[in-house]
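The values are calculated or read from the model by the stated rules, or taken from the named source; none is laboratory data. Bear in mind the structure is a predicted one, so any value in this text is a computation, not a measurement. Heads up, the Cβs are rebuilt from the backbone with ideal geometry, glycines too, and the neighbour counts pull from every protein chain shown.
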Amino acid sequence: MKKIFVRIGVGDFVVPIERLKDIATWAVIYDTDGVECAEPKTFIVGYEDAEGVECDDKGNYIIT
């Protein structure tokens, strides 16, 4: 029988830009038994201020 997979998305999470260097480029997902089952690559989606308003990495607001 052919092995079937399911693709699962994970929501964005926000961290202070000062912590960016501490974030691994790979996350590790464990199942309910604590067994590692996936290592999705992380990437930057965008930047925002404390109120969630989009800006660049210097804090300049993006005008649309």
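Observations on the model:
- Checking residue 51 against (1) surrounded by 11 or more Cβ atoms within 10 Å (Cβ to Cβ); (2) of a type in the set (Asp, Glu); (3) without any contact (Cβ under 8 Å) to a residue 12 or more places away in the chain, the condition it does not meet: (1)
- Scope the stretch 16-43; condition β-branched (Val, Ile, Thr) and loosely packed, with under 10 Cβ neighbours inside 10 Å; matching residues: 25, 32, 35
- Unmet criterion (only one of (1) touching a Phe, Trp or Tyr at 6+ places or on another chain (Cβ under 6 Å); (2) not in a loop (DSSP other than H, G, I, E, B)) for residue 19: (1)
- Residue match in the stretch 31-40 (condition: of a type outside the set (Gly, Ala, Ser) and at pLDDT below 90): yes
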